[in-house]
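Report on one structure; see the data block that follows.
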Amino acid sequence: MSALELSDIQGTVLRGRPMPYYGTYLVFTVQNPRSALTLLERLLPKVTTAADWEAPAENAWINVAFSHAGLSKLGLPEDVLSGFPREVRQGMAARSAFLGDVGSSAPENWDMPHAGNGLDIGLLIMAGSIALRDDKIAIGHAAVSGLPGIVAAHRLDVGLPPTMREHFGFVDGISRPYIEGQGGTPLPGQPIAKAGEFVLGYENELGEIASGPGPQELWRNGTYIALRKLHQDVAAFRRFLRDNANSPEGQELLAAQMMGRWRSGCPLAKSPERDDPAMANDPLRNNDFLYLKEDPDGRVTPAGSHIRRANPRDALDGTVVDMKLHRLLRRGSAYGGVLPEGVMEDDGADRGLVIALINANPGRQFEFVQSQWMNDGDFISEGDRTDPFAGRKDKADDFVTLKPRKRYRGLSQFATTRGGEHLFLPGIGGLKWILGNVKPA
Ligand code: HEM
């Protein structure tokens, strides 16, 4: 096991967001490669690394990522560009049929730019206060000021709603893998993942060094982010609960069965009958569970629930699927105002989740999970049935529980894709390689 080179890895790869958090995604379009290189040069000293992870010098950071189209516009050589994974080269919009981004989720309905229409460079800003966030935004704007041919194409603010929950009412951000070499100690139940699953330049679960061809300085300590903007139809979710349970307690249980956790974050696996807020708030207990021994059929945590689909833990042991190859590191954040409690009709406002899924191999990590586990039910013998929250609903719109044995029909598209891209987040050495090796035309 080699220690991770924290001072070369961009902060967001290893650092969770502060609580509460105030973040902004800024999207830039490149029309002038020379300006883009100057922008990069100006940004380089400002990029926050993971080195201050344990003791952050300031509770705010700025990270920079590129779409493949952006790297191409910057002028990376063809032989290097062709070394990126197919999913990144094609861009997420081109992957829409495979990813189930169809109908209302189709790219023509997206409102956040993607590689095909303006997302060349993205700045990811996260901070513990609005003032700190604004300082970082000012740095981003200063870096582009006076540069011709760099267009500020989009801004999306994110932040923890006053409810301290994501918009469907769940506490989020509990479960994530522990990355070998990250420092500290894993929490009970936290799987230990080889660093190469999340950071290029290190050994992955296949025993290979995760990397790309050609200049190793470009890849080392870099990674990929599958960025998704997911609009949430909160009123439709509330109506679904109301129409399918005949008491407030029944609604809470149904919501918990769909998620696999009570809204407090307490896992059903640890407290099947009722919510246990103390358990939810205890990091030594709230993620310490498996499925196979106690609950192989999904009587407690339904096989089709969100967390059991997204991370089946040991439930698929003994099958052809190797869970270790499909892990995701999530950085989710909410956008948009809260729909007031009790409101059952949509108010037309845009609210949802921006989910940044970090992975070193987008094909066997994010794209596998989205296409096989969110948008299909074959792996749990549930045919075309999909994830209640993050699955497409044009193939199937039902959800089943075994206790009580019940089939709930008529789930609607509670989450609709409004944007998405595979981005490359280079290490500091990678950013320097670009500056040193790409010559403006
Ligand atoms: C609007 C859509 C979504 C919502 C509201 C949502 C919400 C949640 C919540 C509340 C949790 C439980 C908290 C936790 O374990 O940290 C969770 C876990 C998780 N979600 Fe999602 N999520 C959404 C979409 C997605 C998507 C698209 C993916 C990946 C393709 C995903 C992957 C995961 C994973 C890997 C976990 C951790 C499961 C575990 O380790 O037990 N989620 N999500």
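The alpha-carbon atoms of the chain define a convex hull whose volume equals 136 cubic angstrom per residue.
Normalised Debye scattering of the stretch 1-122 at q = 0.12, 0.13, 0.14 Å⁻¹ gives log10 I(q)/I(0) of -0.59, -0.69, -0.79, counting only Cα atoms as equal scatterers and leaving out solvent.
With the convex hull drawn over the C-alpha atoms of the stretch 272-340, the volume per residue is 160 Å³.
With axes computed from alpha carbons, what is the tilt in degrees of helix 234-244 against the longest principal axis of the chain, rounded to the nearest 10 within 0 to 90? The answer is roughly 20 degrees. Averaging the Cα positions of each part gives two centres, and for the stretch 159-178 and the stretch 59-106 these lie 27 Å apart. One compactness figure for the stretch 81-221 is 1.32, namely its Cα radius of gyration divided by 2.2 N^0.38 Å. Determine the calculated [θ] at 222 nm for the chain from helices alone, applying -39500 (n - 2.57) to every DSSP H run no shorter than 4 residues and normalising by the residue count; nearest 500 deg cm²/dmol. So the helix-based figure for the chain works out to -5500 deg cm²/dmol. Semi-axes of the equivalent ellipsoid of the stretch 285-385 are 28, 18, 14 Å, computed as sqrt(5λ) over the eigenvalues of the C-alpha gyration tensor in descending order. Ordered by the number of other Cβ atoms lying within 10 Å of each residue's own Cβ, fewest first, Arg89, Arg238, Arg308 fall into the sequence Arg89, Arg238, Arg308. Look at the dipole of the stretch 1-103 built from charges on Cβ: of Thr24, Ala93, Leu76, the Cα furthest out on the positive end belongs to Ala93. Normalising the Debye intensity of the stretch 338-441 to I(0), with uniform scatterers on Cα atoms only, and taking log10 at q = 0.11, 0.13, 0.18, 0.23 Å⁻¹ returns -0.56, -0.71, -1.03, -1.28.
Seen against the Cα atoms of the chain and their longest principal axis, helix 248-259 is set at about 50 degrees.
Treating the angle as unsigned and between 0 and 90°, give the value, to the nearest 10°, between the Cα long axis of helix 130-144 and the longest Cα principal axis of the chain. Here the helix axis deviates by roughly 40 degrees. Quick one: Cα centre-to-centre distance for the stretch 205-264 and the stretch 362-389, in angstrom? Distance between centres, Cα-based: 12 Å.
Where a number appears in this text, it was derived from the coordinates with a stated rule and is not lab data. This structure is a prediction, so every number in the text was calculated from the model and none was measured. Note: ideal-geometry Cβ built from the backbone for every residue, glycine included; neighbour counts use all protein chains shown.
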